[in-house]
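Here's the structure, in structure tokens; my notes come after.
Computed from the coordinates by the stated procedures, all read-outs in this text should not be read as laboratory data. If you're wondering where the values come from, they're calculated on a predicted model, not measured in any experiment. Methodologically, a virtual Cβ is constructed for each residue, glycine included, from the backbone with ideal geometry; neighbour enumeration extends over all protein chains shown.
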Amino acid sequence: MAAATLSTALVLPAANAAEANGPVTSSRSFKGVETRSSLMLKEATSVEVNADANYGGIESLNVPKTESKAEKEAKAKAAAEAKAAKEQAEAAKKAAASTSPFASAQAASRSSERTSTSSDNASTTPMQLPSGFVNRALSVIGAGYQPSGYNWTGTVSTSSFTCSGLVDFALGYPSNSNWPEKYYAMVSNKTKDLSKLKSGDLVFFQYAGRSPGHVGIYIGNGTMVDSAPDGGVQVRAVNPDSAIFMGGGSL
């Protein structure tokens with residue numbers, strides 16, 4: 001605010017006796033000064049926020065998380081290691097099972113496989129093996145084991161076979177049509193020389209006090225597909241030097 005020039009009267013005390021008879025008046029002139037209230041220049045900076053006010057929702061962006069290169073490499077490495085471990089475990093399991101088809105077999109008798117030899121239950125050996133006989137047996141690898149006949153549900157994981165039941169199934173016979181001793185009597189040209197056996201021949205083994213008590217389907221290269229208590233239907237090695245091996249032959 002501008003202030004006008006003002007005159008101020010100052011009353012000074014008497015300087016000496018001559019001046020003691022009356023007051024002395026003095027005038028001073030001041031240049032006008034432009035002033036401004038500091039309150040008008042102060043900027044208001046405080047902001048009040050009402051916690052109950054509705055300012056609208058906060059937009060949520062669904063942005064997919066991206067993996068870094070290091071994370072992708074670590075993930076791929078973990079998957080590869082898991083796959084390798086699984087393959088190694090399966091190989092070890094197969095190697096253990098191939099040592100002997102009866103290494104961990106239970107001593108339970110398969111006498112329930114013996115069925116009546118009447119004409120109602122007996123089956124005749126076909127003059128010619130059905131087409132796909134071996135492949136039919138191989139198609140149920142992974143099925144379980146049962147002590148007599150077979151139970152085909154249409155799904156490998158829920159089906160089960162005994163050794164002769166697998167042969168019956170592959171040949172298209174009903175369950176419990178044959179048993180190891182009967183198949184042994186059917187084959188011709190029996191030999192223990194694996195080089196003389198061909199895919200589709202039957203191979204026999206002593207088992208549970210029976211000779212033979214087990215039958216498998218030879219598939220070449222010293223291997224057979226069979227069903228045994230230790231693992232169900234699997235491909236296993238045939239050891240021609242084993243004391244329980246009785247040889248094999250063609251139907």
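Taking Gly154 as the residue in question, decide whether it is touching a Ser or Thr at 6+ places or on another chain (Cβ under 8 Å), on the phi > 0 side of the Ramachandran plot, assigned to a loop (DSSP other than H, G, I, E, B) and not basic (Lys, Arg). No, not satisfied.
Count of the range 195-222 residues, restricted to those that are surrounded by fewer than 21 Cβ atoms within 10 Å (Cβ to Cβ) and free of Cβ contacts under 8 Å to residues at least 60 places away in the same chain, is 8.
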